[in-house]
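Readers should treat all values here as calculations from the given coordinates under stated rules, not as data from a laboratory. Everything numeric in this text was worked out from a predicted model, so none of it was measured. For neighbour counting, all protein chains shown are included, and Cβ atoms are generated from backbone atoms with ideal geometry for every residue, glycine included.
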Amino acid sequence: MKERMGEAFAGAERLTVMGRQLHAGDAVPEFRLDYLDLADLTIRTVGLADSAGMVRLLNVVNSLERPLCQLVTRQWEALCATLPPDACIYTVSMDSPQMQARWQDTVGVLHQVLSAQRSEQFGQDYGVWLKEWRLLQLAVFVIDRKDDIVYVEYVADQLCEPDYARAMQAVRQSARKGDEA
């Protein structure tokens, strides 16, 4: 497993990121992540294939218990209204599905929030596993309809927000390309 030093930090704390960095043009790794279905309070699993044919934006955050991660996720929720009809946003964190569902219900976040709590696999496959914190690095991935990555932002400073405008531009461009096909 590749260890990347110096690519993530919070203040003076330097963090080790596990896994290889992904880039635009890479095939996206499959994932199986959990969420709490509020209809029957059952833990369900979602994979990349469940949104096949759509443009997907993955908002990866440390924990929804952290104010910055809450802010970032609420910002993506606000941007959901401007998404093309064939695009969706997933927020991914290491929080439990139950905690995520409580938080979503409290703040009114409606887009799908997914838990990577079951294993470190998602974090390692996407190159966002923070070894010291046992959490995910802040990152944004835009995945096109063909399951290729078209935009990646690994946020180095864990106290900063991602570039929303560039990620949304990648979503819109990818959606337009699909309309032209």
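Observations, loosely collected:
- The chain: calculated mean residue ellipticity at 222 nm from DSSP helix runs of at least 4, using -39500 (n - 2.57): -8000 deg cm²/dmol
- Within the shell defined by Cβ-Cβ distances under 14 Å, the residues around Met168 carry a net charge of 0, with Lys and Arg each +1 and Asp and Glu each -1.
- Extending 7 Å from the Cα toward the beta-carbon at both Asp105 and Ile43 defines two label points whose distance is 1.8 nm.
- Segments 156-168, 58-70 sorted - mean Cβ within 10 Å per residue, highest first: 58-70, 156-168
- Dipole magnitude of the chain, debye to nearest 20 (Cβ charges: Lys/Arg +1, Asp/Glu -1, about Cα centre): 160
- Relative contact order %, the range 36-113, counting alpha carbon pairs below 8 Å whose residues are six or more apart: 35
- Globularity index of the chain is 0.97 (Cα radius of gyration / 2.2 N^0.38 Å, N = number of residues).
- Kirkwood hydrodynamic radius over Cα pairs of the range 87-181, then Stokes diffusion coefficient at 37 °C and 0.692 mPa s, in µm²/s: 223
- Near Gln104: Cβ cut-off under 15 Å, other residues only, Lys/Arg at +1 and Asp/Glu at -1. The net charge is -3.
- Ignoring lysines fewer than eight residues from Lys177 along the same chain, the ones with Cα atoms less than 27 angstrom from its Cα are Lys146.
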